[in-house]
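The numbers here are math on the coordinates, done by the rules we state, and not lab data. Everything quoted here is computed from the prediction, not taken from an experiment. Ideal geometry is used to build each Cβ from the backbone, glycine not excepted, and the neighbour counts take in all protein chains shown.
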Amino acid sequence: MARHKDINWNLLYTFVVVAEAQSISRAAHILGRGQPAVSAAVKSLEEQIGLQLIERGPRLFRLTEAGRLLHREASEICGAVDRILVLLKDSEAALAGSVRLTIASHMMSPVLNQAVREFHLQHQRAAVSCTVMNTPEMLEALSNRLIHFGIGPIFRKQPEFTYFHLFKEYCGFYCGPQHELFGKADLDVGDLKGHNEVTYKSAIFSDALNSISELRSKMGFREPPTGVANNLEEVRRMVLSGIGIGAIPVQVAARDVRDGLLWRLPPYENVMPIDVYLITNEKVRPSQTEQEFIRILTETVGSIPEKMRIYTDDKYDYVI
């Protein structure tokens, strides 16, 4: 068993990210490193500690009892160290630190774009460091005090966090050019029954996308789904490839529809509403840079009427 002074803290931090992401590949993406390097780091930490931390295989990823214990203790330690570095960056007179923007995939809204632009104009020495997570991963990071805030869809609010509503979007079901329903008009909901579906992991294993979960369960899609993904980009990829029907925010799908890459399917009315929030953990001390970004974001939202922050059709066409 390794002594505390023998533990490599870089390896420990890598393990915390892997445990949060529940995947070597996703952790590698978050860390900006290659998968072999991340996998080797976890193995090195296991060798230093003398215990297996993760059970992993082609279709298996599970923390061992030792892994769960280490993650619980180490996440708070790593979060505290990370927060110290963020706070020290802002000790200068001019804001020169980095905003850790943790956000769900494809949060397309002029509110966010305007806030980021205004923040940069006012604080050009500061940087924005963006990490994409699904909502369960984000809430886990908030709970473990790894981050002060995140932006993503929320259905059920947890009392330990503070929520500030940013915008509402609606989703529709779409298929790609290779799908047999592509280009067909005058369809009804019954025409979708028995077709393959692709969906979000969060719509199956959590209530973050509750409106999608409820409607997809009523559609009569073939079970199980032919594709499941952690983010919108991969759901869109599978829909475009023709392997199934998927739910996509209407303002995100608008350009693909006009380009002939996606076809809107019933129901055609505004369905699957998703509310997107700024979520903060007040127990985590924000840096001055983060405080300033949040101030600019909330003021930007306050300057735009609520009805202009509800996206229901293709007049909202955004490209990231």
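Using Cα pairs under 8 angstrom and six or more residues apart, how large is the relative contact order of the range 4-85, in percent? Taking the mean separation of contacting Cα pairs over the length of the range 4-85, I get 30 percent. Ordering T131, V111, L166 by Cα displacement along the dipole of the chain toward the positive end leaves T131 in first place; charges were set at the Cβ atoms of Lys, Arg (+1) and Asp, Glu (-1). Find the relative contact order for the chain and round it to a whole percent, using C-alpha pairs within less than 8 Å whose residues are 6+ positions apart. Normalised by residue count, the contact order of the chain is 22 percent. Rounded to the nearest 10 degrees, the angle from helix 65-89 to the longest Cα principal axis of the chain is 80 degrees.
Using a 10 Å Cβ count of at most 10 others and DSSP loop calls, identify the longest part of the chain lacking such GluC sites (Glu not before Pro). Present the calculation step by step, with values, prior to reporting the outcome.
On the way: sites that count: E180, E269.
Between the exposed loop sites, the longest stretch runs 1-179.
Axis angle, to the nearest 10 degrees, between helix 9-21 and the longest C-alpha principal axis of the chain: 20 degrees. Springs between Cα atoms under 10 Å define the GNM used for the chain, and in it the highest mean-square fluctuation of A253, A28, A66 occurs at A66. Take the Cα of D188, step 7 Å toward its Cβ, do the same at E73, and the gap between the two points is 6.3 nm.
The modelled label-to-label distance for the pair T298/E282, using points 7 Å beyond Cα in the direction of Cβ, is 1.0 nm. Rounded to two decimals, the Cα radius of gyration of the range 4-85 over 2.2 N^0.38 Å is 1.02. Charge tally around E46: other residues with Cβ under 12 Å, Lys/Arg +1 each, Asp/Glu -1 each, net 0. Take the Cα of S129, go 7 Å toward its beta carbon, and the backbone nitrogen atoms of the range 12-33 under 19 Å from that spot belong to 12-21, 26-33.
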